[in-house]
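Let me begin by presenting the structure, written as structure tokens, before commenting on it.
The values are calculated or read from the model by the stated rules, or taken from the named source; none is laboratory data. Here the structure is a predicted model, which means the values were calculated and not measured. Here Cβ is always computed from backbone atoms with ideal geometry, including for glycine, and neighbour counts include all displayed protein chains.
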Amino acid sequence: MNKATMKWWLALPVAAAVLALGGCGGSSDNSTDAVVNSSGSITACFTANDVVNFSVTANGPSNQILPNRSVVGPMIYNGQTVTGQKLFYPSGNTTYTRSDYWIVTNNGVTVIALVDYDGTVTNNGTFFQENMSPGQTVINSSNDVTTFVGFERVTLAGKTFSNVCHFKEADPDGTQTEAWYAPGYGTIQGVSSNNGFNWQYNGDL
């Protein structure tokens with residue numbers, strides 16, 4: 001299962017005995033402006049000083065479990081205060097989770113752990129410099145290539161997010177994903193071009 005930086009939020013495979021959930025459908029009020037300007041901040045995109053819960057809508061293959069909720073904000077990981085984001089994947093009487101933990105400093109953002117639904121922990125050393133320019137790439141220890149597209153204004157479920165960090169990632173296996181990180185909210189939208197899976201913010205809870 002892919003566990004690279006941008007793909008921590010992918011859909012979960014469904015065991016043969018588990019009924020897959022259908023796609024939830026997306027909000028009709030969705031838009032992404034072109035790169036707005038360079039006045040945003042990489043660290044701001046990953047900063048969440050308060051705990052925020054929001055619902056998500058998702059679409060994907062019928063053999064996948066899809067997320068329906070996210071929580072982001074200050075968390076404790078291995079005794080350390082970090083910023084984290086967790087997605088919840090309901091399936092029958094069980095709810096699986098996937099989590100991403102990172103540290104924000106004045107110099108940038110370091111992803112310190114990706115925790116899969118089965119408890120597997122991955123740390124591929126991804127670091128996003130605060131002064132990244134559109135088109136600049138980062139290659140981590142897993143040889144995933146992440147490109148910073150730029151800062152965008154994104155409207156989802158009637159809410160407009162400004163100076164959102166848009167990233168594209170390609171891994172050595174050919175999986176291509178995109179993610180949008182908004183100040184105070186972490187990832188608000190994710191797309192995998194390989195299997196049609198996508199999810200997005202659908203309102204605060």
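If a residue must be more than 16 Å from T47 (Cα to Cα), surrounded by fewer than 17 Cβ atoms within 10 Å (Cβ to Cβ) and of a type in the set (V, I, T), how many such residues does region 98-121 contain? The number of residues fulfilling the criteria is 2.
Would you mind finding the one in T83, T105, T110 that is polar (S, T, N, Q), more than 25 Å from G196 (Cα to Cα) and touching a Pro at 6+ places or on another chain (Cβ under 7 Å)?
Details: T105 fails: touching a Pro at 6+ places or on another chain (Cβ under 7 Å); T110 fails: touching a Pro at 6+ places or on another chain (Cβ under 7 Å).
It is T83.
Taking each residue of region 166-185 that is over 19 Å from G84 (Cβ atoms) and looking for partners that are crowded, with 23+ Cβ neighbours inside 10 Å and among the aliphatic types (A, V, I, L, M) with beta-carbon atoms closer than 7 Å, six or more apart or interchain, yields E169/A4; E169/M6; D171/A4; T177/M6.
Quick check on F128: is it within 15 Å of the chain's Cα centre (by Cα), touching a residue at least 60 places away in the same chain (Cβ under 8 Å), surrounded by 14 or more Cβ atoms within 10 Å (Cβ to Cβ) and over 18 Å from I112 (Cα atoms)? Lay out the reasoning, then the answer.
On the way: within 15 Å of the chain's Cα centre (by Cα): yes; touching a residue at least 60 places away in the same chain (Cβ under 8 Å): yes; surrounded by 14 or more Cβ atoms within 10 Å (Cβ to Cβ): yes; over 18 Å from I112 (Cα atoms): no.
No.
In the condition set (1) surrounded by 16 or more Cβ atoms within 10 Å (Cβ to Cβ); (2) under 16 Å from the mean Cα position of the chain (by Cα); (3) hydrophobic (A, V, I, L, M, F, W, C), V138 is compliant with all but (2). Checked against (1) touching a helix residue (DSSP H, G or I) at 6+ places or on another chain (Cβ under 8 Å); (2) modelled with pLDDT of 95 or more, K86 passes all but a single condition, namely (1).
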